[in-house]
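Q: Next up is a structure, given as structure tokens.
Each reported figure results from applying straightforward, stated rules to the coordinates on display, with no laboratory input. All of these numbers come straight from a predicted model, not from anything done at the bench. Cβ placement follows ideal geometry from the backbone for every residue including glycine, while neighbour counts extend to all protein chains displayed.
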Amino acid sequence: MKITSIVLCTSLFLGCDLLADGTIDKTCDDSKTCGAISDGGVVFVEQSDTSGDWRVSLRNGFGEEIEYFEGQGSNVGGVVYEESQETVYLSEGQNIRVLQKDGTPKITDVSPFPDATLGTSGGVIFGSERWVMAVNAELETDVFSDNGAASVIPGFTSLLQSANLATDINDSAVAILAVNQSNNPSILEMNSKSEIDVIFEKFDASDIRAKDAFLMNGEYATCAQETGATFLVSELVAGIVTPDRYPLINLGDIVSCEYDPSTDQVVLFSAENGVGFMDATGEVVRTLSPTEGYHIVNGSIW
């Protein structure tokens, strides 16, 4: 999650050290952001309000669009950007689209994936009720679980970084938010051998506070769809339903949420009202508007 030093250090007043050979010794001393939203950025996929067109917007830490991709298809899902590969991965219909400037071909004939999370070894990880699969920019895949038409993870909602994710998924696990038929959410962890551990089973009486989940300061947290309020799962287990953070403005209809450790902000992706960056006090310090004529379907940070 880094913007290059060249971008951040256009002036010595930004707190960067310029060495004699013209290289940058440090990035920025203002929370490593130099006034940016983060030391990385966000990526989100939008759907046209009037057609089947979709649009992926890649933004840097200042909120500036540095790349975009367009296409057609009504069933868009998870989207993620892998900075080291300069590659966007998008779930669309029966495909995973690998989006690069050079037009790398898409991966075809796989089940649609509602969500994705960054991997730690040069690729990304997608998940659904049937699959957990890693893919890289060379289109190499590693399927952790596939049981035909059977549901491996009933009630799968989203995939997130686990509290014990190591440098390589092959010796670690990813976390999964799942909701049962009675609308009780649970947090599971799955390793590359398809072994599942239940970390928090039915941690809430309903799923109204669990539209999505993320890892925040080493703890699992969730966000509510209607408000964007965030809750610590450990507190929900104890019956404490007071939000850890509650946005002071109404973003409404949250489709995805993540936590940015570089800014200590919860990033809320709203279908109609864009991207909001909420600090620990609940103040939404910045917002990014969706493209005119589009609404956001999913988003993530990088």
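Q: Where does each of ILE107, ILE249, ILE296 land when they are ranked from fewest to most other beta-carbon atoms within 10 angstrom?
A: Ascending Cβ contact count within 10 Å gives the list ILE249, ILE107, ILE296.
Q: Wrap a convex hull around the Cα atoms of region 107-251, take a quarter of its surface area, and give that in square nanometres.
A: Working: hull surface 37.5 nm².
In nm², the orientation-averaged hull projection of region 107-251 is 9.4.
Q: Out of region 91-136, which trypsin sites (Lys or Arg not before Pro) are coil in DSSP terms and have no more than 11 other C-beta atoms within 10 Å? Present the calculation step by step, with values, prior to reporting the outcome.
A: Working: sites: ARG97, LYS101, LYS106, ARG130; in loops: LYS101, LYS106, ARG130.
When the trypsin sites (Lys or Arg not before Pro) of region 91-136 are filtered for loop state and at most 11 Cβ neighbours within 10 Å, LYS101 remain.
Q: Extension gain SER48-GLN181, at 0.36 nm per residue separation less the Cα-Cα distance, in nm?
A: Answer, rounded to one decimal: 44.7 nm.
Q: Fewest first, what order do PHE113, PHE269 take by the number of other Cβ atoms within 10 Å?
A: PHE113, PHE269
Q: For region 36-301, with only Lys/Arg (+1) and Asp/Glu (-1) charged at the beta-carbon, what is the dipole magnitude about the Cα centre, in debye rounded to 20?
A: 400
Q: Provide, for q = 0.23 Å⁻¹, the log10 of I(q)/I(0) from a solvent-free Debye sum over equal Cα point scatterers in region 154-232.
A: Log10 of I(q)/I(0), two decimals: -1.04.
Q: Can you spot the aspartates and glutamates whose alpha carbon is less than 13 Å from LYS211's alpha carbon? Ignore those fewer than 8 places along the same chain.
A: Cross-link targets: ASP115, GLU226, ASP253, GLU258.
Q: Local charge sum around GLU86 (other residues, Cβ-Cβ under 12 Å, Lys/Arg +1, Asp/Glu -1)?
A: -3
Q: As a test of understanding, state the convex hull volume per residue of region 70-151 from its alpha carbons, in Å³.
A: About 88 Å³ per residue, rounded to a whole number.
Q: I'd like the FRET efficiency for GLU140 and GLU235, computed as 1/(1 + (r/R0)^6) with the beta carbon distance as r and R0 of 35 Å, rounded to 0.05.
A: Efficiency, rounded to the nearest 0.05: 0.30.
Q: How about region 215-277: which GluC sites (Glu not before Pro) there are in a DSSP loop, with at most 16 other Cβ atoms within 10 Å of their Cβ?
A: GLU226, GLU272
Q: While we're here: Determine the distance separating the Cα centre of region 151-217 from the Cα centre of region 270-302; give it in Å without decimals.
A: 24
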